1. If packing is taken as the mean number of other Cβ atoms within 10 Å per residue, what is the order of 9-19, 64-74, 28-38, highest first?
2. Relative contact order for the chain: what is it in percent, counting Cα pairs under 8 Å that are at least 6 residues apart?
3. In whole Å, what is the distance between the alpha-carbon centres of segment 83-101 and segment 30-45?
4. Setting aside same-chain residues fewer than 8 positions from Lys58, which lysines have a Cα under 19 Å from its Cα?
5. Taking the Cα centre of the chain as origin and charging only Cβ (+1 Lys, Arg; -1 Asp, Glu), how large is the dipole, in debye to the nearest 20?
6. Within segment 25-41, which residues have the backbone N less than 17 Å from the label spot 7 Å out from Asn54 along Cα→beta-carbon, could you tell me?
7. Cut-off under 19 Å on the C-alpha distance; same-chain residues fewer than 8 positions from Lys72 excluded. Which aspartates and glutamates are left, in chain and number order?
8. Can you sort Ile75, Ile85 by 1.4 Å-probe accessible area, starting with the largest?
Amino acid sequence: MLRSSVQVADVLITNAAFNGLKMDYCTGNIESVVMEEINGNGIDILGGTIQINNTTLKGIQDKAITVGNQGKATINTTVIDDSNIGIASKDLSTITVKFVDLKNCQHGF
C-alpha cells in the first residue's frame with residue numbers, strides 16, 4: 001500500500017514469501033490480524049501513522065513490526081512469538097507500545 005488511508009481488520013496472513021503487510025506513507029489501523037510463517041517482515045511501516053491493535057505475529061523470519069522514515073506507530077495488545085526481531089524503529093521513527101507480549105524472539109526491541 002502506498003500513500004493511502006488503510007483499515008485492515010480480521011485478516012489471517014500465512015506462509016508469505018516476503019512481507020505480510022507493507023505500508024509506505026499510509027495512515028490508518030490494523031485490527032485483529034493474525035500472521036504466521038512470514039519469510040520477511042510481518043508489518044513494515046515506512047513513514048505515515050499506523051495504529052496496531054489485538055494482533056498476533058508468529059514465526060516471522062525478520063522483524064515482526066518495523067517502522068522507518070519518521071513513521072509513527074502505536075501498538076496495543078499484541079503478541080509476537082518466534083521472531084528474529086520483535087519491534088524495530090529506525091530513521092527518527094516513533095513507536096508507542098502498550099501491552100505487548102514478546103516470546104521466543106532473538107531480539108525484543
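1. Details: 9-19: 12.7, 64-74: 21.6, 28-38: 18.6.
Final packing ranking: 64-74, 28-38, 9-19.
2. Values: 359 pairs, mean separation 22.1, N = 109.
In percent, rounded to a whole number, it is 20.
3. Result: 13 Å between the Cα centres.
4. Answer for Lys58, where 19 Å is the Cα cut-off: Lys22, Lys98, Lys103, listed by chain and number.
5. On the way: 8 positive and 11 negative charges, 64 e Å.
My answer is approximately 300 debye.
6. 29-35
7. Asp24, Glu31, Asp44, Asp91
8. Values: Ile75 0, Ile85 40 Å².
Largest accessible area first, the residues go Ile85, Ile75.
The values are calculated or read from the model by the stated rules, or taken from the named source; none is laboratory data. Computed from a prediction, not measured in an experiment: that's the story for all the values here. Note that each Cβ is placed from the backbone with ideal geometry, even for glycine, and that neighbours are counted across all protein chains shown. Remember, those area values only see protein heavy atoms, side chains included, never the ligands or the DNA or RNA. Shrake-Rupley method; radii C 1.70, N 1.55, O 1.52, S 1.80 Å.
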